[in-house]
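Report on one structure; see the data block that follows.
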Amino acid sequence: MNIEFHYYAVKYLAEMAGFPATEAQAIAELSQFIDDSQQEIGVTVDPSTLPQEIKERKLYQVTPQGTKVFLPKTAVLSAQNTDYQKDLKNTDSQWKSLIPFHYFPNRALDPEDPETVNYTTSAIRNFADNDLFNTQLVSSIQQYKNEARAKTESSLLRIGILAHILGDSFSYTGFNGLESWRNTARLAEVFVPKTFQHPTADYKPEDLAQNPTVGHACVGSSVDDCGISGVFYHAADPNDTTYSATKTFQSINNILGAGRGLYHYFLLCQGKSPGDYENIWEATITPLLQELTDDWHTPVSDLNDKWQNKTGLTYGYDVNAVRQKIIKPENLYSFVIAVDDLRKCVKKTGPAVKLDPGDEAGTLEIGNLDLRNDHLKVTIRGQVEQTTPLVLQLSLKDKNFPYQQLTAHNDRFPDSSRAKVDLDIPFPKQEGLYNLQATLSDESKQVLTEPLTKNQAVLLESPQLLCRLQPLAPASLRNRFEVTVVNGFDGGWDISYLGNDVYKNAQGNNVLDIYLPVRALITLDKRYSFEQLGDYNLSLNRAGGEPIYHCKNPRFNHFQIRKDDVSTIEIGFDHQWQNQLPADHPDHSGGTAPYQLVLRFSADIRRRDQDDSIPKYRTIHWDSSKVPNQDQAFPQVVFKWPAL
C-alpha cells in the first residue's frame, strides 16, 4: 500500500467509524509515517522525564551529548536511495523494520530456526486468524478506551501502527521480510483497467529483477500502487529457477479487503459491533473507495483536493511536521514502547517460559478449526524450554460422555522444543458438541513434572449440512435433475445457442464451445453468517474425465455475500466458459455429453449466538457434489450437438 491508503483511506475510515477528526488525523499520520521513518534519529531528552517503562526496557542511551531516546527506523530506504539494496540485505533492517511493520507473521519467528526463512505474510482478513496481531489489536483497543477517560493520546500512535501493518498484509501476501526464495519473482504485466493502459515498462521489470530477494523488491511498487491489476511469476519452491508459479493481483481487491478490516477495527475501538454497520460499508464506503482509488499514479499534490472533494474531510500530511510532533517526549516515549512491543512479539529471543519453581513449564495452543467434508483440520502448537523429545497427544470426546474417547492422535518431536502439527480428525458419526484436548508432555518424564493440557469445546457440524444450495440457472421445466443444452440447432430443448456449431480447432480436433449460465444461492444455517469468502471454482465433471473449469475472470462472474442477508452467498457465472468440449471423444458418441455441475468454495463463518465457550469463527470447505440430498445439488447437464 502507498500513501493513498495508509493516510487518505485510513483517515476516511477512522472518521466513518466515529473517531473525532483530530484523532483520525493522528491515526492516519502514524499509519503513513511508518513508511517515512527510514532512519533512526537520536532525540536528546531530560533524563528526569524518562518513564519507568523506558528505563526497564533500556530504550535510552546516556551519551556525552546527553540522554537520548531514538526515534525508531520502521522502513527501509526508498528505492531511489543509492543504499537501498544494501539496506534491504541488512538483517537488522529486516528484523527491526520489515518483519514487524510490513511483513507481519502469524507466529513469533525464531532467527535460529532454518525454517523461518520460509514464512509468508498472509492478509489479515479475520483478526482471529493471526494471534500475534489479534493480541496487539485487543491491547490497543483496551488502551484507547482507558485513555479516553484519562484524556491522553498515546494509544492513537499504536492504532496507527497497527493500521499500517494490516494494510500491508494484503499488498504483500506471499512475500516475507527476509532474504528468501519466497521473494523470488518477475513482474510480467501491469494493466490499468480504467484507461486500458499497459504501463509494464514504466516499472522496469528487468531492473527490479536485479534487486535482492527481500520482501516485494523484485516486483517493485506494482503491488503498492492504486488503480492497477497485474501478473508476476514467482518460485514455487527453493529449487524452482523457472518461476513456474503465477500470481495475479488487483489493487482494488487489496484496498477493499484491508479497508473492511480497518473499518471493523476502528468500530471496535469505538465500542461498536461491526455487524451493525455492514450496510454502511457496502452502500457508502465501498463505492467511494472504489471511485477514489481507481486512478493510476495520481500526483501527490492532487490527492488532498481529490479526497476532500469526495469525502468532505480536511486532509494534509507533512512528513516533517509529523516527525516534529512525534519527537515530543510525551509522544516519543509512547511510540518507542509501541515499536518495541511489535519488534519483540514477532521475534523469539530466548526461552518463552522460565522453568523456575511455580512457573508454567511451557505453552500450548489449539489453533483455527477448518471444517471439511468429513473431517476436522486443526493446528496445534506447543513450546517448552527444553530439547528433550516431546509427545503431543490429541483426543476428541463427546461432551456428554467425557470418558469415551472417540478419536486420538499422537506425534513425537525427537529433538525440538517447538511442536507444531496440522491434524485431520475424522468427524464423529453423530454431530454435536465435543471436547478437543491437546496434551504436550516430555517423553523422558524428567523435565515436565506436569503435562501441558489445553481443552477446547468444538461444535462439529458437517459443512455439507450447514449450507443449502438453491440452483436458479440452469433449471429444467420438465425435470429439475437434468438440463439439456443444445448447441448449434434448435431442437426444442431448454437452452439453445444457435450461433455455436461444432468446429475444428487449431489442433484439428472437433470441439464445441461451452455456453452455460449458472446462478444459485447458497444459504447458511441461520445461526451463522459469512465473514469472508475464500477460494472457489465451478466445474463440469464426468466420470473418468478431467473436470472442465469455468474461467474465474471477475468480468464474467460474481461470487459474493449478499448485502441484505450475510447468511447467503449469491453466485452468477456468465454463459461463456471460455472452454471447449471434445466433440469427437469416444464417450461423446451420438452428439451427447452428460456432465455434473460442481461448485466448491471455502469461507470463514461466524456463530451468531453469545456462547463464548465455543469458538465463534471457523473455516468451512463446501462441495456441492457431497450434499446428501439431490434436490440441493446442481442438475445434471447434457450437452447435445449434431452427430458428426
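The values are calculated or read from the model by the stated rules, or taken from the named source; none is laboratory data. The structure displayed is predicted, hence computed values, not measured ones. Note that each Cβ is placed from the backbone with ideal geometry, even for glycine, and that neighbours are counted across all protein chains shown. Side chains included, ligands, DNA and RNA excluded: accessible areas come from the protein's heavy atoms. Shrake-Rupley method; radii C 1.70, N 1.55, O 1.52, S 1.80 Å.
Ordering of 21-32, 288-299, 125-136 by packing is 21-32, 125-136, 288-299, highest average first (other Cβ atoms within 10 Å, averaged per residue). Per-atom-type breakdown for the range 245-339 gives carbon and sulfur 48% of the accessible area (1.4 Å probe, protein chains only).
The residues of the range 1-69 present an accessible area of 42 Å² per residue when probed at 1.4 Å with all protein chains retained. Annotation: amide H-H contacts under 5 Å for VAL43 (H modelled 1.01 Å from N, sequence separation of 5 or more, or interchain): VAL69, PHE70, LEU71.
In this structure, the amide hydrogen of TYR503, modeled 1.01 Å from its nitrogen in the peptide plane, lies closer than 5 angstrom to those of VAL511, counting only residues at least 5 positions away or on a different chain. Each peptide among 61-68, 574-581, 633-640 gets the average number of other Cβ atoms lying within 10 Å of its residues, and from highest to lowest they stand as 633-640, 574-581, 61-68.
In straight-distance terms, cross-link reach from LYS68 covers every one of the aspartates and glutamates whose alpha-carbon lies under 13 Å from its own, apart from those fewer than eight places away in the same chain; here that gives GLU40, ASP46. Give the shape of the range 144-211 as rounded, prolate or oblate, defined through the alpha-carbon gyration tensor: a ≥ b ≥ c are the square roots of its eigenvalues, a/c under 1.5 means rounded, and otherwise the shape is prolate if a/b is larger than b/c and oblate if not. Verdict is prolate for the range 144-211. Across the range 96-113, computed HN-Hα scalar couplings (Karplus, 6.51 cos²θ - 1.76 cosθ + 1.60, θ = phi - 60°) run 9, 10, 5, 5, x, 10, 9, 10, 5, x, 9, 7, 5, 9, 9, x, 8, 8 Hz from first to last residue, x flagging Gly and Pro. Counting protein heavy atoms only, the range 533-576 has 45 percent of its accessible area on carbon and sulfur, 1.4 angstrom probe. Using the Cα gyration tensor of the range 195-281, with a ≥ b ≥ c the square roots of its eigenvalues, what is the shape: rounded (a/c below 1.5), prolate (a/b larger than b/c) or oblate (neither)? Judged from the Cα gyration tensor, the range 195-281 comes out prolate (a/c at least 1.5, a/b above b/c).
Past 27 Å, Cα to Cα: identify those pairs from LYS399/LYS526; LYS55/LYS272; LYS11/LYS204, in the order given. Those over the limit are LYS55/LYS272; LYS11/LYS204. Here TRP95 sits with roughly 30 square angstrom of accessible surface, probe radius 1.4 Å. Note that the range 167-219 presents 40 Å² accessible area per residue, ligands and nucleic acids not counted, probe 1.4 Å.
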